[in-house]
Structures are given as C-alpha cells and as structure tokens.
Amino acid sequence: MSTSGRPVSTSRPMSVPASVAAVPRPPGPGAVRTMFVLGTRPEAIKLAPVVRAMAASALFQPVVVTTGQHREMLQQMLGLLGVGVKTDLAVMRDRQRLSELTARLVDGLGTVIRAEQPDLVVVQGDTTTALCGALAAFYEHIPVAHVEAGLRTGVLDNPFPEELNRRMIGRVARWHFAPTTRSAGHLRAEGVPPEQVITTGNTVVDNLLWVLAEGAGRSAFRTDRRKVLLTLHRRENQGARMRSMGAALRHLADRGDVEVVLPLHRSPAVREALLPELDGHPGVRVVDPLDYLDFAATLADCDLVLTDSGGLQEEAPSLGKPALVLRTTTERPEAVEVGAARLVGTDPDTILAAAGELLDDAEQYGRMATAGNPFGDGRAAERIVARLTEDFGDFGGEGAVNTAPRTASGSYDPVA
C-alpha cells in the first residue's frame with residue numbers, strides 16, 4: 001500500500017551531492033556575523049535552510065557552533081549545512097543531569113560568544129542547547145532570533161523540559177519566527193510585541209522537500225509488507241511507559257503483514273526500554289539512527305508513522321503520511337486539527353488499536369493521507385532571511401531586548 005508516489009533511490013552516495021551544498025558568497029563589508037547555536041540533529045535539519053540562505057548572501061557571515069548535545073546523530077547532518085563548524089563544545093556526559101548540562105552549556109557558549117563577537121545569535125526550537133544559547137547571548141547583550149517560536153502545549157512539564165525551554169526563549173528573543181498562525185498567536189497572547197512575531201512556515205518543510213528532490217537517500221525498508229516507521233525517544237516516555245509501548249508495537253508486528261522500521265535513538269535509557277521488546281522480531285527492523293538523506297527516503301517510502309518526535313509530526317503531513325502521535329500532549333496541534341495526525345497517547349492497547357484501524361480501514365487511511373500539510377510551503381528560510389535583511393539594513397547592534405525596528409512584513413499564513 002505504498003502511498004508516496006515517489007521513487008526512492010537505491011544507490012548510496014559516497015558524499016553529499018554538490019547540488020546539496022550551499023554556495024557561499026564572500027561576506028561584504030560590515031557583514032552581519034551570525035552565530036547559529038545547535039546541538040541536536042533536529043536543530044541542524046531545521047537550521048540548515050537558514051544557514052544556506054545566509055551563506056548565499058553577501059550581507060551575512062554565518063558561523064555554526066555545535067554543543068555536541070547529540071554528537072553522533074548530529075554529525076550525520078552537519079555536512080548538509082554547507083558551511084564549516086566553528087566550535088564543538090563536546091558537553092555531553094553519560095546520564096548527566098539537566099542542571100549539569102545547562103551549567104556547562106551556558107558557560108561554554110558564553111566563552112565562545114565573547115571570542116566570536118557575533119552581531120546576532122540564532123537558536124531553533126526548544127532544546128537545552130537552544131535555551132542556553134539564548135541565555136548566553138542575552139548575558140553578552142547579543143540579540144537573539146528564535147526559529148520555530150511559539151509552540152506550546154500549555155503544560156509546563158510536558159514535554160519535559162522542552163515546554164519550559166521554549167517559553168523562556170520567548171522572553172529573551174528579539175525576532176520570533178513562528179511556523180504557524182497558531183504559534184504566532186501564542187506569542188502575542190504572552191505579550192510579545194506583534195511587530196516582532198513573523199509567521200514563516202516551518203523550515204523542516206524547506207529541508208525535507210529540498211533533500212527529496214535530490215533523490216540521494218535510501219529507504220531502510222526491505223520488504224513489500226505494509227511499512228511502519230517508528231520513532232521513540234522523549235524523556236517523559238522513558239522507563240516503564242516506553243517498555244509497555246514497545247510490547248504493544250511487538251504485537252503490531254505479530255500481524256505478519258507489516259514491517260516496522262525503528263531507527264533507534266542513542267540514549268541508553270531508550271535502548272534499555274525498547275531493545276528487549278523489539279530486537280530480533282522478524283517483523284521489526286531495528287537500525288542505528290539514519291542519516292538525514294536516508295531518513296527522508298524512509299519516510300517517503302513508509303505507509304504509516306508512529307512517533308513521539310516533534311519534527312516528524314511536521315514532516316509526515318508534508319508527504320501525506322498518516323501519523324499517530326505517541327504522547328499525551330502536542331505543541332503541534334495543527335496536524336491533528338486538519339486530520340493528518342492523531343494524538344493517541346501512550347496506552348499500549350490504544351496504540352495497537354489505532355494502528356490496526358489505519359492499516360485495515362482504507363477509507364480512514366485515505367482521509368488522513370490527503371488531509372494536507374499545515375506547516376508551510378518550503379519557503380520559510382527565505383522569509384526569515386528576508387526579514388533579517390530588512391532589519392539589519394540599518395541595525396546598529398544596540399538596543400533593548402524585545403525591540404525590533406520594523407513591522408512584521410512578509411508574514412505568511414501556512415493554512416490560508
């Protein structure tokens with residue numbers, strides 16, 4: 001029941017195709033030195049289009065700083081940024097506490113910012129890296145741009161710690177690049193000046209469509225059975241809850257007509273929960289984290305997505321892939337509202353029943369597959385760089401946090 005309608009390359013490139021890399025231009029006189037702070041693969045995926053767009057402009061001089069929050073998974077993506085990585089802080093320790101990670105990141109990033117003297121710091125999303133990048137910039141009086149701003153669940157500790165992280169970044173940032181009208185509304189309701197909120201669409205759509213157009217990845221699916229892509233990793237799901245979900249997904253594979261592909265997160269806690277339940281099952285293919293080219297091809301090739309990931313909730317509707325969200329809350333309700341995703345929670349029986357319904361009911365499956373994508377048109381990075389170009393045309397590098405010199409021109413309604 002393949003629904004992608006898109007051929008997936010079976011050849012594996014030796015390196016990233018030349019057409020994928022950015023074509024940097026020499027920065028012009030007085031170029032805006034722009035520091036991108038990232039630490040996880042999703043951050044690299046979503047910032048890559050913005051880095052490429054800036055690298056192609058003589059106005060900006062992008063500098064990429066990585067924290068190594070997810071070092072191995074991040075390395076798979078960095079080549080697609082098209083510019084060199086300036087610094088890797090290598091802050092991760094096995095099973096370290098969030099307080100320890102936060103302390104290392106703020107201290108290390110503060111040192112880098114003082115050494116690099118950027119005019120602007122760009123962070124993305126809601127990771128600990130993003131929060132600490134924003135805090136370190138604030139402490140050094142450097143303005144912050146927040147890509148994918150305004151997502152909210154309304155529950156401070158779910159997801160943990162991401163909901164708190166993104167709210168705190170919202171108090172620091174000067175530019176709030178919201179992916180949807182809903183997320184923009186959250187920011188305005190919280191008191192962010194409307195002229196600082198720019199609705200752009202989500203950069204994940206930019207990157208996904210661009211990578212698939214290259215046709216450079218290889219699907220991880222290996223059979224003609226119904227193809228289910230599974231990702232699980234969130235902190236709030238780890239432990240007994242994740243083990244129970246793993247058992248339910250094992251029962252799903254027992255159907256005999258599905259192939260479940262699980263790109264397994266590097267987290268020891270995730271592996272301890274899922275491997276005993278899923279590894280070795282003939283209907284489950286457990287693989288190491290896929291590089292982004294292969295992951296995009298695997299998503300394009302699948303029939304159904306089961307995930308607790310945030311980014312995958314945005315990517316799946318872009319390709320008409322029904323998604324079951326294995327969480328109790330979501331900061332991306334737009335996909336649920338249009339019918340492209342369902343929030344099914346973490347109860348094993350509910351997960352199993354929901355997956356079975358979609359696999360067995362062609363009409364219900366078709367409604368979700370054709371519901372549409374509320375997250376953008378692939379031009380989010382273009383809008384972000386256009387706004388920053390407009391503002392930095394006469395920006396002197398001074399001013400209080402949460403002020404911007406212009407109105408929110410060029411805002412975009414991705415669901416209009």
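Points to keep in mind about this one:
- Inspection of segment 147-160 finds a residue satisfying the criterion of being crowded, with 21+ Cβ neighbours inside 10 Å and among the β-branched types (Val, Ile, Thr).
- Filter pass, PRO289 being over 27 Å from GLY356 (Cβ atoms) and outside any helix (DSSP H, G or I): yes
- Residue within segment 234-244 that is open to solvent by 60 Å² or more (accessible area, probe 1.4 Å) and in a loop (DSSP other than H, G, I, E, B) present: no
- Residue, nearest to LYS46 (Cα to Cα), within segment 180-222, restricted to residues that are open to solvent by 20 Å² or more (accessible area, probe 1.4 Å) and either among the polar types (S, T, N, Q) or free of Cβ contacts under 8 Å to residues at least 60 places away in the same chain (or both): ALA213
- The listed residue being crowded, with 19+ Cβ neighbours inside 10 Å, under 17 Å from the mean Cα position of the chain (by Cα) and modelled with pLDDT of 70 or more, out of THR66, THR87: THR66
- Taking helices (runs of 4 or more DSSP H) as the structural unit, those lying wholly within segment 147-233 and holding at least 2 residues that are in contact with a Phe, Trp or Tyr (Cβ under 8 Å, 6 or more places away or on another chain) correspond to 203-214.
- Residue match in segment 254-268 (condition: free of Cβ contacts under 8 Å to residues at least 24 places away in the same chain, out of contact with any strand residue (DSSP E or B) (no Cβ under 7 Å at 6 or more places or on another chain) and in a loop (DSSP other than H, G, I, E, B)): no
- Residue in segment 245-258 that is surrounded by 17 or more Cβ atoms within 10 Å (Cβ to Cβ), in contact with a Ser or Thr (Cβ under 8 Å, 6 or more places away or on another chain) and under 21 Å from PRO348 (Cβ atoms) present: yes
The values are calculated or read from the model by the stated rules, or taken from the named source; none is laboratory data. Here the structure is a predicted model, which is why all the values come from computation and not from measurement. We place every Cβ from the backbone using ideal geometry, glycine too, and count neighbours over all the protein chains shown. Each accessible area value is taken on the protein alone, full model and side chains, heavy atoms only, with ligands, DNA and RNA left out. Shrake-Rupley method; radii C 1.70, N 1.55, O 1.52, S 1.80 Å.
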